[in-house]
Amino acid sequence: MFDFRFAATVSIVALACSYPADLAAQGDSADAVVDANAAPADGTILVTGRRAYRGDFDPLETPAADQVIGEELLRDANALDLSQALDLSASVARQNNFGGLWNAFSVRGFQGDINLPSGFLVNGFNAGRGFGGPRDMSGIEAVEVLKGPRSALYGRGEPGGTVNLITKRPQFDTSGYVQFQGGSFDFYRGDIDLQTTVGDTVGIRIAGFYEDAGSFRQTVETERFGIYPSITARLDEGTSVTYELEYTEQDIPFDRGVVFAPGFGFSPRRTYTGEPGDGSIETKVLGHQFELQHQFSSDWSILAGIGFRETSLTGKATENNFGGRQTYFIDGQTISRFFRFRDFESEYFVVRAELAGQFDTGALRHKLIIGADYDRFDNDQLILRFRSGSIGGRDIADLDPAEFLLIDAFDPIYGQYPTPQPGPNTDRNEVLEGTGIYLQDQIEITDRLQIRIGGRYDDFEQELTNLRATPASITLTNDDRFSPQVGAVYQVDDGFSLYASYGEGFRQQTGSDFQGNQFAPNITESFEIGMKADLGAYFDNLQGFVTLTAFEVEQSNILVNDDRPEATAAGFFSIDAGEARSRGIEFDASLAFASGFNAFLSYAYTDAEFTTSNPDADFGALIEAGDPLINSPDHQLSLLVSQDFSVADRPVSIGGRMLHVGERLGFTGFDFVLPAYTIFGLFGEVEIAEGFVIRGDIENLFDETYYTNSYADVWVQPGAPTTARISARFAF
C-alpha cells in the first residue's frame, strides 16, 4: 500500500535529485580492506575484507541505524553467549529461549516464529536456523545489530532487524591469548584464540572454548565445547580465499523455568522442575563456510561463498503443564508436569555471489551492489509426548501423582516416578528453498547528498511431509516476493548527517493451514528517520558516535488461530491474518575520552502492539487490537562505563554496567505481565605483567529477583542471583 512513509522517503529522494549534480564527490574504493562500516563504536578496527551485502559505506552515509558491538565492548560486558551480547542493544529484547536451548530475540518489538530459534547471520550466511544450542561468543569479533527489515539485500529474514556475527579470521601475524575463568555456582571455563602464518600468503587462526558449569537452579549443570578454526590464503595481490569450520557440542538440561499463579506469585527461582534423571539435551553443530574474494581493480570486486551447516538436538524432558492441567494454580505449591522426547535434525546449504563497484554517469557517482543467492533448509522434527488429562475440578489429593508427574516447588523430590512411555505427537520433514537476486545503487548527488535505491526478487518453495499420516502426506507450494528499499542521506558537515529510509521485508513461515496450503510470507514495512554524529569531528579529546532514530514498522500475515467453522472441524490450525505495529525512538552513544573514561549507552522506547483482533495461534486466547506484543518492554536501557588508568605503571581498568528492562507482556492473549527490573554489575582488571591480566566481575550486584522472558505463565525464565567470577588471561 502506498502510504505517507513511502511518500515521505520518495520526497526526500526527489529533493536529492533536484540538487546540482556537478558537485558529486568521488568515493573511496568499494573494496577497502578495512571496512569502515564494520568499525565498532568502541574504536576497534576489524580487518575483514569486504563483507557480503554491505558494500563500502561510512556510518555517516548509511541510511539505517546500524549498531556494531565490538570485541572490546563484549569483553567489558563479559558477554559469553549471544543473548548476553544482545543485552547491550536496547533495541533487542529476549524472547522464549526454549528451556535454554536456543537464542530467541526480538528487534524493535518483532520476533520471528516463537516456536523456532531467531534467525541470525554469520558473515552474511544464515546460521540461526537449526537446533545447535545457544551461540557462544568464542570466535566472534563483533556483533552487528542491523535495525529494520533487510530483505532488499539479505532476503528472507526476521521482521524487526538482522543480527550478523563477524567471526575472527586470520590477520597474518602471530598472536593470541589463553584465558581461564572460575566463579559462582561451580562455573569453570577456558578460552583460546591463537593465530600464526605459513609463509607470507597463508594465515591460520583457531578459537575455541570449553565450559563446565553449575547453576543457581538445583541440579542444573551444563557442559559445552566449541572449536572454530579458519584459514585464509592470498592467491595473488587481489585474490584471497577463506575457509572456516564451526564445531560445537553442548549438553544442556531442558529447563522451562518457574511457574506463576495469581495470589501465590512465582515458584522459587532455585527450584528446577524438570527431572535430572532425564539427562541433558544434546545439541551438535558442524558448519563450513568457504569464501572467495577477488579485486578486479580499485573500483570493482567480486565475493562468492558457499556455506553448509548441520545441527541436531536430541533428548527427553519433563516440563511444566499448562492451564487446566496445572496444580500450582490451585495450591501454589505443587507443580504438575508432562514428558516429551525430541529428535531434531537440520541441514542448511547456501551459495551466493556478489559484484560490487563504483562508476560515474556524468557527474553522478554510483556505488553498486548486485548479487544472487540460493539456499535450502531441511528440517526434520520428531516429538513423542506423554501428557495427563484435565484436572476437571478434582482435588489435588485425588490425582494420580504419576499421571500428573507432581513435584513440590519448595521441597522437590526427584525420581519419584518411572519414565513415562510417550506416544506420537509430531513427525514431519519440511524443506524450504529459495533463490534471490538483488541490486542496490547508492548515488552521490552532491558532496553532501546521497540516495539509495534497491530491491530484491525472491522465488521460494516449501515441501512439507507429514510422516504421521498413513500414507505420509506431502504438500508442495511456492511463492515469490519483491522487496524494495529507498533512502537518502544528507551530510550536514564532516561529522553530522540526517537520513530517512523505507524498506520492506518478508519471512517464510513454516507449517500449513487446514487445507495443507503454505502460509503467505510474513510481511514487514518500515519507515525511519534519524541523525548521526561523529563526535571526533568536533572535539580533540573525545572520540565517539551518536545515533538518534525514530521508526515505525508494520507487520502483516502474522499467524493466528483459524476459528472458521471449516477449520475448527478439522482440528486446531492457524491462518495468516494477524497484523501488528511498532513505533519508537532509539538513542545509541559510544564515547571515549582522552582521559581514559569510556561510556556506552543504548536506550529504546518501543510501543509494539497488535492492530487487529484474533485468537492466538498457540492457545486460541483472544488477542484484542491494542494488546502489546509478548516480551517487548516499552523502555529498555543498557549502560556500560569504564575508566582506564595506571598504578605503578601497570594498566588498570574499572567499570560498571546497568541494564533496565521495563514491564512486558508474558503470555500472548492473557493478562500476565513480567515485572520491570534493573540490575547492576561491576568489573575490574589489572595487567600484573606484560600480557598477563587478572580480572574480576560481579553480576546482579544487589541480588535483584527478576525474570528475563517467558512463553506463558508456566514457562518463565528467572535471572541469576548475585554472581562473581575471576579470570586470568595471558596474551602474546
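The values are calculated or read from the model by the stated rules, or taken from the named source; none is laboratory data. For clarity, every value in this text was computed on a predicted model and none was experimentally measured. All Cβ positions, glycine included, derive from the backbone under ideal geometry; neighbour counts span all protein chains shown. What goes into the accessible areas is simple: the full protein's heavy atoms, side chains included, and nothing from ligands, DNA or RNA. Shrake-Rupley method; radii C 1.70, N 1.55, O 1.52, S 1.80 Å.
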Go through (1) in contact with a Gly (Cβ under 6 Å, 6 or more places away or on another chain); (2) part of a strand (DSSP E or B) and name the single condition GLU310 misses.
(1)
I need the full set of residues from segment 321-338 which are crowded, with 17+ Cβ neighbours inside 10 Å and part of a helix (DSSP H, G or I), in order please.
ARG325, TYR328, PHE329
On the given criteria, is ILE369 under 35 Å from the mean Cα position of the chain (by Cα) and open to solvent by less than 10 Å² (accessible area, probe 1.4 Å)?
yes
Is it fair to say GLU354 is under 22 Å from the mean Cα position of the chain (by Cα) and of a type in the set (Asp, Glu)?
no
Contacts under 9 angstrom Cβ, first residue in segment 273-295 being at positive phi, partner outside any strand (DSSP E or B), 6 or more apart:
GLY279/PRO253
Output the number of residues of segment 697-727 satisfying the condition of being within 16 Å of ALA77 (Cα to Cα) and among the hydrophobic types (A, V, I, L, M, F, W, C).
5
Which residue, of GLY423, GLY371, is among the small types (Gly, Ala, Ser) and within 30 Å of TRP300 (Cα to Cα)?
GLY371
THR465 being among the hydroxyl-bearing types (Ser, Thr, Tyr), in a loop (DSSP other than H, G, I, E, B) and farther than 30 Å from PHE329 by Cα
no
Quick one: in segment 157-196, which of the residues that are out of contact with any helix residue (DSSP H, G or I) (no Cβ under 8 Å at 6 or more places or on another chain) and of a type in the set (A, V, I, L, M, F, W, C) is most open to solvent (accessible area, probe 1.4 Å)?
PHE180
Could you please give the count of residues in segment 230-287 that are part of a strand (DSSP E or B), farther than 30 Å from ILE192 by Cα and touching a Pro at 6+ places or on another chain (Cβ under 8 Å)?
2
Against the definition (surrounded by 19 or more Cβ atoms within 10 Å (Cβ to Cβ), modelled with pLDDT under 95 and in a loop (DSSP other than H, G, I, E, B)), how does GLY620 come out, yes or no?
no
Pick from segment 228-250 the residues that are in contact with a Leu (Cβ under 6 Å, 6 or more places away or on another chain) and within 30 Å of ILE281 (Cβ to Cβ): which of them is least open to solvent (accessible area, probe 1.4 Å)?
PRO229
Test set (1) more than 30 Å from ASP58 (Cβ to Cβ); (2) touching a helix residue (DSSP H, G or I) at 6+ places or on another chain (Cβ under 9 Å); (3) surrounded by 20 or more Cβ atoms within 10 Å (Cβ to Cβ); (4) not charged (D, E, K, R) - VAL486 fails condition number
(1)
Could you identify the single residue in GLY263, GLY277 that is open to solvent by 50 Å² or more (accessible area, probe 1.4 Å) and within 22 Å of SER710 (Cβ to Cβ)?
GLY263
Here is a list: ALA533, ALA520, ALA550, ALA537. Which entry is open to solvent by 50 Å² or more (accessible area, probe 1.4 Å) and not polar (S, T, N, Q)?
ALA537
Quick one: how many residues across segment 576-603 are hydrophobic (A, V, I, L, M, F, W, C), farther than 30 Å from ASP644 by Cα and surrounded by fewer than 22 Cβ atoms within 10 Å (Cβ to Cβ)?
2
The residue that is farthest from GLY176 (Cα to Cα), considering only those in segment 218-227 that are part of a strand (DSSP E or B) and open to solvent by 40 Å² or more (accessible area, probe 1.4 Å), is GLU223
Among the residues of segment 197-217, write down those that are among the polar types (S, T, N, Q), out of contact with any Lys or Arg (no Cβ under 6 Å at 6 or more places or on another chain) and either open to solvent by 60 Å² or more (accessible area, probe 1.4 Å) or not in a strand (DSSP E or B) (or both).
SER215
In the list PHE377, PHE410, PHE349, PHE341, which residue meets the criterion of being closer than 22 Å to GLN289 by Cβ and either open to solvent by 40 Å² or more (accessible area, probe 1.4 Å) or without any contact (Cβ under 8 Å) to a residue 24 or more places away in the chain (or both)?
PHE349
So, in segment 146-185, of the ones that are small (Gly, Ala, Ser) and part of a loop (DSSP other than H, G, I, E, B), which residue ends up modelled with the highest pLDDT?
SER184
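Residues are listed down the side, and each one gets a yes or a no for (1) among the aromatic types (Phe, Trp, Tyr); (2) at pLDDT 95 or above; (3) open to solvent by 20 Å² or more (accessible area, probe 1.4 Å):
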{"site": "ALA402", "(1), (2), (3)": "no, yes, yes"}
{"site": "GLN416", "(1), (2), (3)": "no, yes, yes"}
{"site": "GLY434", "(1), (2), (3)": "no, no, no"}
{"site": "GLN442", "(1), (2), (3)": "no, yes, no"}
{"site": "ILE451", "(1), (2), (3)": "no, yes, no"}
{"site": "ARG456", "(1), (2), (3)": "no, no, no"}
{"site": "ARG468", "(1), (2), (3)": "no, no, yes"}
{"site": "SER473", "(1), (2), (3)": "no, no, yes"}
{"site": "ASP480", "(1), (2), (3)": "no, no, yes"}
The listed residue being open to solvent by 50 Å² or more (accessible area, probe 1.4 Å), in contact (Cβ under 8 Å) with a residue 24 or more places away in the chain, aliphatic (A, V, I, L, M) and farther than 26 Å from PHE506 by Cβ, out of VAL641, VAL647:
VAL647
Consider THR435 carefully, then state whether it is of a type in the set (Ser, Thr, Tyr) and in a loop (DSSP other than H, G, I, E, B).
no
Among (1) modelled with pLDDT under 90; (2) farther than 24 Å from ALA90 by Cβ, there is one condition GLY505 misses while meeting the rest; what is its number?
(2)
For segment 121-133, which positions are within 10 Å of the chain's Cα centre (by Cα) and surrounded by fewer than 24 Cβ atoms within 10 Å (Cβ to Cβ)?
LEU121
Please work out if ASN78 is within 26 Å of GLY656 (Cβ to Cβ), assigned to a loop (DSSP other than H, G, I, E, B) and in contact with a strand residue (DSSP E or B) (Cβ under 7 Å, 6 or more places away or on another chain).
yes
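Here's the yes/no breakdown for (1) surrounded by 23 or more Cβ atoms within 10 Å (Cβ to Cβ); (2) assigned to a loop (DSSP other than H, G, I, E, B); (3) touching a Phe, Trp or Tyr at 6+ places or on another chain (Cβ under 6 Å):
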position	(1), (2), (3)
ALA85	yes, no, no
GLY99	no, yes, yes
SER106	yes, no, no
ILE114	no, yes, no
Checked segment 124-145 for anything assigned to a loop (DSSP other than H, G, I, E, B) and over 24 Å from SER501 (Cα atoms); matches are ALA127, GLY128, ARG129, GLY130, PHE131, GLY132, GLY133, PRO134, ARG135, MET137, SER138, GLY139
Any chance you could count how many residues in segment 380-398 are assigned to a loop (DSSP other than H, G, I, E, B) and crowded, with 18+ Cβ neighbours inside 10 Å?
3
